[in-house]
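Structure first, then comments.
The values are calculated or read from the model by the stated rules, or taken from the named source; none is laboratory data. Predicted, not measured: the structure shown is a model, and the values here were computed from it. Reconstructed Cβ throughout: ideal geometry from the backbone, glycine too, with neighbour counts over all protein chains shown.
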Amino acid sequence: MKRAILVGMNYTGTSKELRGCLNDVETMKTLLQILKFDEVQTITENEATTAAIISAINLAVQTAESGDVVFLYYSGHGTRFKAQRPDGYEEVIVPIDFSTSISAIAVEELRDLSKDLAPGAVITIVLDCCYSGTTSAPEGFKVRAIEAPPEKWILRKPSSSKGPLQSNVLISGGRADQLSLESKYEGVSQGAATFALSKLVRQNPEILNDELVAGLMLFMVRNNLPQRPEIDGDPTMFSQPFLDVRSPQVLGVRSLQVPEFVTI
């Protein structure tokens, strides 16, 4: 069983309005049809509250069985604030109720959810957002970040991750100290990382996780974009096919065959 949760917000009517996040969700929905997902849940705009996001993820994780794939995709704002962590910051995603909520969803909390997976199930998380709103975007781009939240914000749950977790992969559109950008691609406002990911997977639906991130990196470099995608999580899954539990040997896929990608 392949289950997906797609979260996207343009924050319509706010001072931090974006243009491409709902388009990103539609792009991913189409991609998941190609990848033959069984269930795809979308949580967008006013529905994308802290409680709704966490509830949907918990349900998918807790009902997953051996051999199942759980996919969480997020397109929206990110931010970070000072915390007692090795790099001095906690990175969080920004639900639609960020202006009134007294809690934030830490990226590490999303990774912690894999602890509840049944043996043999896997979870993949893709985040097209950034964690710092202090840098200006290049001309023609919008930044997917808000300013650091007020001090009254607290984490829903303290991060407990200590090193890689089993059976999870986290692919981010950029490093924790970088911007993630959106612009118009093929006439449609989209996240740069989401646009590139969709193209790469369409070219090779059996692309490996590390191969995909290498392709994303190549896209950013060729197009002079400041973000550098990363992969984190269970190292044994880096050489596994994207959103698949089968081994690359079964699929006959060779690792790190970065596809050619034409610049925009």
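Could you check segment 1-16 and list, in sequence order, the residues that are loosely packed, with under 15 Cβ neighbours inside 10 Å and in contact with a strand residue (DSSP E or B) (Cβ under 9 Å, 6 or more places away or on another chain)?
The answer is Met1, and nothing else.
Taking segment 39-73, which residues are assigned to a loop (DSSP other than H, G, I, E, B) and over 29 Å from Gly13 (Cβ atoms)?
Those that are assigned to a loop (DSSP other than H, G, I, E, B) and over 29 Å from Gly13 (Cβ atoms): Ala64, Glu65, Ser66, Gly67, Asp68.
Please state which of the following conditions Ser198 fails to meet, knowing it meets all the rest: (1) among the polar types (S, T, N, Q); (2) modelled with pLDDT of 80 or more; (3) touching a strand residue (DSSP E or B) at 6+ places or on another chain (Cβ under 8 Å).
Against the list (1) among the polar types (S, T, N, Q); (2) modelled with pLDDT of 80 or more; (3) touching a strand residue (DSSP E or B) at 6+ places or on another chain (Cβ under 8 Å), Ser198 comes up short only on (3).
Of (1) assigned to a loop (DSSP other than H, G, I, E, B); (2) out of contact with any Leu (no Cβ under 6 Å at 6 or more places or on another chain); (3) of a type outside the set (Ser, Thr, Tyr), Asn10 satisfies all except one. Which?
Going through (1) assigned to a loop (DSSP other than H, G, I, E, B); (2) out of contact with any Leu (no Cβ under 6 Å at 6 or more places or on another chain); (3) of a type outside the set (Ser, Thr, Tyr) one by one, Asn10 breaks only (2).
Which pairs turn up if I take residues in segment 50-72 that are under 13 Å from Asn168 (Cα atoms) and surrounded by 18 or more Cβ atoms within 10 Å (Cβ to Cβ) and look for partners that are modelled with pLDDT under 95 and among the charged types (D, E, K, R) with beta carbon separation below 7 Å, at least 6 apart in sequence or on another chain?
Note: pairs meeting the criteria are Val61/Asp116; Val69/Asp244.
Looking at segment 165-196, which of the residues that are aliphatic (A, V, I, L, M) and touching an Asp or Glu at 6+ places or on another chain (Cβ under 8 Å) is surrounded by the fewest Cβ atoms within 10 Å (Cβ to Cβ)?
Looking at residues that are aliphatic (A, V, I, L, M) and touching an Asp or Glu at 6+ places or on another chain (Cβ under 8 Å), I get Ala176.
Of the numbered conditions (1) over 16 Å from the mean Cα position of the chain (by Cα); (2) within 24 Å of Leu22 (Cα to Cα); (3) at pLDDT 70 or above; (4) among the acidic types (Asp, Glu), Glu91 fails exactly one; give the number of that condition.
Unmet condition: (1).
Scanning segment 201-221 for residues that are in a helix (DSSP H, G or I) and in contact with a Phe, Trp or Tyr (Cβ under 7 Å, 6 or more places away or on another chain), which turns out surrounded by the fewest Cβ atoms within 10 Å (Cβ to Cβ)?
Leu218
Could you check how many residues of segment 169-193 are part of a strand (DSSP E or B) and either modelled with pLDDT under 90 or closer than 20 Å to Val107 by Cα (or both)?
Here the count works out to 10.
For the list (1) aliphatic (A, V, I, L, M); (2) modelled with pLDDT under 95; (3) under 20 Å from Lys115 (Cβ atoms), I need the number of the one condition that Ile5 fails.
(2)
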